[in-house]
Amino acid sequence: MDNKIKITDLNMVYTGLEDDDGSGLGVLSDVNLEVFDNEFVSLLGPSGCGKSTLLRLIAGLEQDYEGEILLCGDNPRNKRIPVCYMLQKDCLMPWRSMLSNVLLPIEIKKGDLKKAREEIKPLIHEFGLAGFENYRPRQLSGGMRQRAALLRTYLMDGEIMLLDEPFGSLDEITRMQMQDWLISVWEKHKKTVLFVTHDIDEAIYLSDRVLVMSDRPGTVNGAIQIDFERPRKRDMILTTRFSEYKKNILSLLS
Ligand SMILES: Nc1ncnc2c1ncn2[C@@H]1O[C@H](COP(=O)(O)OP(=O)(O)OP(=O)(O)O)[C@@H](O)[C@H]1O
Ligand SMILES: [Mg+2]
């Protein structure tokens, strides 16, 4: 199986901070990981361990690191590899309608907006946003805002999708609905996904593999393969196998 993301001995230190004694803030330490084609991998770890920093590095928004990052087999320092990236906040522009927020990647690419508006209709429907095209973000529910941000991310170029706690701000019921919906969309369209979360159940429920990170400076402490069949069913949460996975993850976290 091809890998889409391959990270070898990655180290990252933030320097130039105000109360820095010269050593900087070590954020990532010897990170090694691989994500394979069409795999759904979750990255789980304590707050502040460097998950968002790792995603920013993969997305090319931070360049100052040691080690190697390969995307689709190429070094993004030498060749631009487009990735779909959703930040920890939904970052919808409040003055734009939902539809024009979603179509932003097409606008940035200077694509044909008229054509895109037609072509996107089935996706707007699939993402549960039909009828709300002209609403501003503040007029949407939290779940709808997240789905709009996800659809916008999905429309970016690239086979790799980086999602930074997309459901972190949602209540539990909405979060469960969003998980089910994300799985069904992913099973249909398949992209390679690296999904950051704090939530152990969410990581097991969604993923093919869960990578567990240590406290800062973050490193990958272990990987758990999740062998539940797909499509995933909610009641698998009640099985002994689920509890076993959870126990293994908890022991890697402690
Ligand atoms: N631009 C920056 N400059 C300096 N330090 C930073 C910067 N961004 C993040 N950090 C520091 O790097 C560490 C890791 O931050 P990061 O946002 O990657 O954590 P995280 O694992 O995503 O946490 P959370 O789960 O709370 O989102 C933190 O100590 C943070 O203060
Ligand atoms: Mg974060």
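Computed from point charges on the beta carbon alone (+1 for Lys and Arg, -1 for Asp and Glu), the dipole magnitude for region 59-103 about its Cα centre is near 300 Debye.
Calculated accessible area for the chain comes out at 50 Å² per residue, all protein chains present (probe 1.4 Å; ligands, DNA, RNA ignored). Since only Leu57, Asn38, Cys72 are under comparison, the one whose Cα sits farthest along the positive direction of the charge dipole of region 35-84, derived from C-beta charges on Lys, Arg, Asp and Glu, is Leu57.
Using only the C-alpha atoms, the convex hull of region 1-107 corresponds to 160 Å³ per residue. In the distance distribution for region 117-254, Cα-Cα pairs more than 20 Å apart total 52 percent.
For region 117-158, the fraction of C-alpha pairs more than 12 angstrom apart is 60%. Note on Phe228/Ser254: beta-carbon distance plugged into 1/(1 + (r/R0)^6) with R0 of 22 Å gives a FRET efficiency of 0.40.
Modelled spin labels at Glu118 and Thr240, positioned 7 Å past Cα toward Cβ, are 5.8 nm from each other.
Given +1 at the Cβ of Lys and Arg, -1 at the Cβ of Asp and Glu and no other charges, the dipole of region 29-174 around its Cα centre is 940 debye to the nearest 20.
Largest first, how would Glu34, Glu118 line up by accessible area (1.4 Å probe)? Before the final figure, lay out each step's value.
On the way: Glu34 60, Glu118 115 Å².
Output order, biggest surface exposure first: Glu118, Glu34.
Pairs of lysine residues in region 1-154 that meet both criteria, 8 or more places apart or on different chains and Cα atoms under 29 Å apart, total 22. Is the shape of the chain best called rounded, prolate or oblate, per the rule: a/c under 1.5 gives rounded, else a/b larger than b/c gives prolate, else oblate, with a ≥ b ≥ c the square roots of the Cα gyration tensor eigenvalues? Here the chain falls in the oblate category.
Carbon and sulfur: what percent of region 90-154's accessible surface (1.4 Å probe)?
Values: 1930 of 3500 Å².
Here carbon and sulfur together make up 55 percent of the probe-accessible area.
The charge dipole of region 90-154, taken about the Cα centre with unit charges on the Cβ atoms of Lys, Arg (+1) and Asp, Glu (-1), comes to about 180 debye, rounded to the nearest 20.
Between the residues Met93, Ala116, Leu140, the greatest Cα displacement towards the positive end of the dipole of region 90-154, with unit charges on the Cβ of Lys, Arg, Asp and Glu, is found for Met93.
What value in Å³ per residue do you get for the convex hull of the alpha-carbon atoms in region 30-87?
Cα-based convex hull of region 30-87, divided per residue, equals 106 Å³.
Per-residue ellipticity at 222 nm computed for the chain from its helices equals -9500 deg cm²/dmol, with DSSP H segments shorter than 4 residues left out and the rest contributing -39,500 (n - 2.57).
Whole number please: convex hull volume per residue, Cα atoms of region 90-154, in Å³. List each step's numbers first, then the result.
On the way: hull volume 5.1 nm³, N = 65.
Measuring per residue, one finds 78 Å³ for the Cα hull of region 90-154.
The values are calculated or read from the model by the stated rules, or taken from the named source; none is laboratory data. Note that this is a predicted model, so its numbers are computed, not measured. A quick note on method: Cβ atoms are made from the backbone with ideal geometry, for glycine too, and the neighbour counts reach across all protein chains shown. Calculation scope for accessible area: heavy atoms of the full protein, side chains included, ligands and nucleic acids excluded. Shrake-Rupley method; radii C 1.70, N 1.55, O 1.52, S 1.80 Å.
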